[in-house]
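Working notes, beginning with the structure itself.
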Amino acid sequence: EAGLAYEAIAVNLKTHTLADGSDYRAINPLGYVPFLVLDDGHTLSECAVLVQYIADLAPAKNLISMTGSMARYQQQEMLNIIATELHKGFSPLWNPALPAEVKEGFKQRVLGRMAYLDGILAKHEYLTGNNYGVDDIYAFVVTGWAGMMGMDTSALTHLNAWRARIAARPAVQATLKAEGLI
C-alpha cells in the first residue's frame with residue numbers, strides 16, 4: 001500500500017533458516033517475522049511498529065494519522081489491541097502439541113476479540129473511522145488466520161464485509177498472490 005521498494009526474504013520458521021541455509025537468528029535473535037533491515041543497518045521488528053514506520057515513509061498514502069493527533073493515538077491503540085489481543089491470542093493455536101480442548105478456549109477468546117472489532121465495524125467503514133490505514137492492514141492479516149484455524153466467523157458480518165473490501169484492494173490482491181495465498 002505504501003508503494004515503497006523492498007526486498008522480501010523468505011524465512012523457514014520451523015528451522016529458522018534463510019533460503020541460503022544460514023541461521024536467521026544470526027540476523028534476528030528473536031527468530032520470528034516480520035523483521036526489517038534498513039539500508040543503514042538499523043533493524044525493526046514488531047508489526048505494530050513496522051507498519052507505523054512504513055506509513056510514515058509514505059505520508060501521501062494517508063495510511064496513518066499525523067503524529068501527535070488524537071487520530072494517531074487511536075490508531076496506535078488499535079494496533080496494540082491487534083498485537084496483544086489478536087496476534088498473541090493466536091499464538092497458542094499454532095502449537096501442534098497443545099490439546100484440542102485447550103485450543104478451543106483460545107479460539108473462543110480470539111473470537112471474542114474479533115466480535116469486538118465486528119462491533120466497531122458496524123459503526124465505521126474501517127477500524128478507526130472511515131479512513132483505511134495500517135491498523136486495518138495488520139488486522140486483515142491476523143483475522144485471516146481464523147480460517148486457517150477452522151474458526152467459524154460467519155456471525156461476524158461486519159468484519160467479514162470489511163475483510164472482503166480490503167481483500168479487493170489491488171495492493172492486497174498483489175500481496176496475496178505473491179505469498180501464494182490465492
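The values are calculated or read from the model by the stated rules, or taken from the named source; none is laboratory data. All values derive from a computational prediction rather than experimental measurement. Backbone-built Cβ (ideal geometry, glycine too); neighbour counts: all protein chains shown. Only protein heavy atoms, including side chains, enter the accessible area calculation; ligands, DNA and RNA are left aside. Shrake-Rupley method; radii C 1.70, N 1.55, O 1.52, S 1.80 Å.
Scanning the chain for long hydrophobic helices, with DSSP H runs required to stretch 18 angstrom or more by C-alpha along their axis and to average at least -0.5 on the Kyte-Doolittle scale, returns 100-121, 134-148.
For the chain, the mean residue ellipticity at 222 nm estimated from helices alone is -14000 deg cm²/dmol, where every DSSP H run of n ≥ 4 contributes -39500 (n - 2.57) and the total is divided by all residues, rounded to the nearest 500. Only lysines eight or more places from LYS14 in sequence, or on another chain, were considered; those with a Cα closer than 28 Å are LYS88, LYS103, LYS107, LYS177. With a Förster radius of 41 Å applied to the beta-carbon distance between GLU7 and ASN160, the computed FRET efficiency rounds to 0.75. With 0.36 nm allotted per residue and the present C-alpha distance subtracted, the ALA122-LEU30 stretch has 29.4 nm of extension available. Give me the aspartates and glutamates in straight-line cross-link reach of LYS61: C-alpha distance below 19 Å, same-chain residues under 8 apart excluded. Leaving aside aspartates and glutamates fewer than 8 places away in the same chain, those within reach of LYS61 are GLU1, GLU125, ASP135, ASP136. Per residue, the accessible area of segment 44-182 comes to 54 Å², computed with a 1.4 Å probe over protein heavy atoms only.
Loop-located GluC sites (Glu not before Pro) in segment 41-130 (DSSP state other than H, G, I, E, B) with a sparse environment of at most 12 neighbouring Cβ atoms within 10 Å are absent. In terms of its C-alpha gyration tensor, the chain comes out oblate, because a/c is 1.5 or above while a/b does not outweigh b/c. Taking all protein chains in place and a 1.4 Å probe, what share, in percent, of the accessible surface of the chain do carbon and sulfur account for? Roughly 58 percent, rounded to a whole number.
Dipole size of the chain about its Cα centre, with +1 on Lys/Arg Cβ and -1 on Asp/Glu Cβ: approximately 440 debye, rounded to the nearest 20.
In terms of its C-alpha gyration tensor, segment 62-170 comes out prolate, because a/c is 1.5 or above and the ratio a/b outweighs b/c. Anyone know which of HIS42, HIS87, HIS16 comes out most mobile in the 10 Å Cα GNM of the chain? Result: HIS42 has the largest fluctuation of those listed. Between GLY89, GLY112, GLY21, the residue with the greatest mean-square fluctuation in the GNM of the chain (Cα pairs under 10 Å linked by springs) is GLY21. Which of the chymotrypsin sites (Phe, Trp or Tyr not before Pro) found in segment 1-50 are loop residues per DSSP with 10 or fewer other Cβ atoms within 10 Å of their Cβ? Those satisfying the criteria are TYR6.
Here the label points at ASP152 and MET70, each 7 Å from Cα along the C-beta direction, are separated by 4.0 nm in the simple model. Which of rounded, prolate or oblate describes segment 89-148 when judged by the alpha-carbon gyration tensor and an a/c cut-off of 1.5? Prolate, since a/c reaches 1.5 and a/b exceeds b/c.
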